[in-house]
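Everything below concerns the one structure shown next.
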Amino acid sequence: NSRNSAGDVLYDYLTNTRYGAAIPTSQIDAQSIIDLNTYCNEVITFTPYTGGSATQPRFKMNGFLDTTKPVMQNLQVITDSCDCLLKYNEIEGMWSAIVQEPTYTVAMNINDSNIVSTIGISSLDISNTFNIAQCQFPDIAINSAFNTTQIDLADVAPELLYPNEPVNLQTIQLNLCNNNVQAQLLGTRFLKSARMDLQV
């Protein structure tokens, strides 16, 4: 398949009647797919191990998807490889991608006029949440053999660790990511998003 833009790959798999979910195009939010492509194709700057600086698109899809696996499992593989979420709106019957950008806009002002029940807030035990991400990916630099990169929260964001927190390692498979820079970026995003300690 010649597609490597994240939104195009997600849209193709959602709509494909042979190996995908066979969802009608009328039930997919096309703008969210465009937004995902725009975000993922943005060029980022990074420091290579040789020094200096280099650039590449934020997220590209390069790898193999096992079509013998359940559709929802493959959709999770796709969304993991571009750090987005997949949403289904039951009222409108629409599927859409949620781009997890560092910036956000307020979707709705929650107040007494539109709340129909109590709000429950519970804390999560993030002492048991992983603080080291070990990302496995097919590396193009070694002929797509699997490579591993390890991201430690103590290195990238030590302020998010609790004192005396035990070491918890999580292995993450990134089958559609074929370069070390993208794997490190995804690993860092997974680590930071796992540190949210309140559930509403």
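The values are calculated or read from the model by the stated rules, or taken from the named source; none is laboratory data. None of these values were measured; they are calculated from a predicted model. Cβ coordinates were reconstructed from backbone atoms using ideal geometry, including for glycine residues, and neighbour counts include every protein chain displayed. Areas reflect the complete protein model, heavy atoms only, side chains present, ligands, DNA and RNA absent. Shrake-Rupley method; radii C 1.70, N 1.55, O 1.52, S 1.80 Å.
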| field | Alpha carbon convex hull of the range 110-160, volume per residue in cubic angstrom | value | 183
| Straight-distance crosslink candidates among aspartates and glutamates, where the alpha carbon sits under 20 Å from K87 and sequence neighbours closer than 8 are dropped | D8, D12, D29, D35, E101
| Residue-count net charge about F59 - beta-carbon cut-off 15 Å; Lys, Arg +1, Asp, Glu -1 | -2
| query | Taking the Cβ-Cβ separation of Y88 and T118 as r and a Förster radius of 41 Å, what is the calculated FRET efficiency to the nearest 0.05? | reply | 0.95
| P(r) tail for the chain, what percent of Cα pairs lie past 27 Å? | 39
| In what sequence, highest mean first, do 166-173, 187-194 appear when ranked by Cβ atoms within 10 angstrom? | 187-194, 166-173
| task | Indicate, rounded to the nearest 5 percent, the antiparallel portion of the DSSP beta bridges found entirely in the chain. | result | 80
| said: Can you give me the accessible area per residue for the range 19-95, using a 1.4 Å probe, in Å²? | reply: 59
| In Å, what is the Rg of the alpha-carbon atoms in the range 82-143, and how long is Dmax? | 18.7, 58
| Among 139-149, 72-82, what's the highest-first ranking by average C-beta atoms within 10 angstrom per residue? | 72-82, 139-149
| query | Whole number please: convex hull volume per residue of the Cα set in the range 43-109, in Å³? | reply | 136
| query | Which FRET efficiency value, to the nearest 0.05, do you get for S144 and I110 by plugging their Cβ-Cβ distance into 1/(1 + (r/R0)^6) with R0 = 41 Å? | reply | 0.30
| remark: Treating every alpha carbon of the range 79-191 as one equal point scatterer without solvent, the Debye formula yields log10 I(q)/I(0) values at q = 0.10, 0.11, 0.22, 0.24 Å⁻¹ of -0.46, -0.55, -1.20, -1.26
| said: Keeping every protein chain present and rolling a 1.4 Å probe, give me the accessible area per residue for the range 139-192 in Å². | reply: 56
| message | Need one word for the range 8-47: rounded, prolate or oblate. Basis is the Cα gyration tensor (sqrt eigenvalues a ≥ b ≥ c); a/c below 1.5 gives rounded, then a/b vs b/c decides. | response | oblate
| message | Using a 1.4 Å probe on the protein heavy atoms, what percent of the accessible area of the chain belongs to carbon and sulfur? | response | 52
| Between I34 and T171, how many nm apart are label points set 7 Å from Cα along the C-beta direction? | 4.2
